[in-house]
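Undergrad: Below you will find the structure I want to go over with you.
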Amino acid sequence: MSESAVDTRLAKNQRINLRATGRQESLLRRAAEATDHTLTEFILGSAVERAERVMADRRWFIATEDQFAEFNRLLDAPLPSTTKFEKLFARPSLFSDEA
């Protein structure tokens, strides 16, 4: 089932108010009609699609082969001194029953 089909069954209890010029409103209405959607469906669908693309750019990145090799080298390199971590992990946990 597509995400948009799931979205239509969920309760819509949030309101978003917009201001637009007459030209923007007219263009949006014509585009909504051309795609057989209501104005709300068209605006929300377009905005959500754009938002998903923006957020995908923050989850995925493209690197050259050299950049990817350097990235992997850094991931595989040993950590710097872990003395501070060892001291921290040696302390009793605040969440355990052991004191």
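Undergrad: Return the residues of region 9-23 that are open to solvent by less than 100 Å² (accessible area, probe 1.4 Å) and of a type in the set (S, T, N, Q); say none if nothing qualifies.
TA: Thr21
Undergrad: Continuing with the same structure: Being without any contact (Cβ under 8 Å) to a residue 24 or more places away in the chain, open to solvent by less than 60 Å² (accessible area, probe 1.4 Å) and among the hydroxyl-bearing types (Ser, Thr, Tyr) is the requirement here; does Ser46 meet it?
TA: The answer is yes for Ser46.
Undergrad: Under 7 Å between Cβ atoms, at least 6 apart or on separate chains: pull out the pairs that start in region 14-26 with a residue that is closer than 16 Å to Leu44 by Cα and end on any residue that is open to solvent by 100 Å² or more (accessible area, probe 1.4 Å) and assigned to a loop (DSSP other than H, G, I, E, B).
TA: Note: no pairs meet the criteria.
Undergrad: Also, quick follow-up: Just to be sure before I move on: is Glu52 modelled with pLDDT of 90 or more, within 21 Å of the chain's Cα centre (by Cα) and not hydrophobic (A, V, I, L, M, F, W, C) in the structure I sent?
TA: yes
Undergrad: Same structure, new question: Could you tell me how many of the residues in region 33-57 are over 20 Å from Gln14 (Cβ atoms) and among the small types (Gly, Ala, Ser)?
TA: Qualifying residue count, region 33-57: 2.
The values are calculated or read from the model by the stated rules, or taken from the named source; none is laboratory data. All values derive from a computational prediction rather than experimental measurement. Positions of Cβ are generated from backbone atoms using ideal geometry, with glycine treated the same way; all protein chains shown enter the neighbour counts. To get the accessible areas, we keep the full protein, side chains included, count just its heavy atoms, and leave off ligands, DNA and RNA. Shrake-Rupley method; radii C 1.70, N 1.55, O 1.52, S 1.80 Å.
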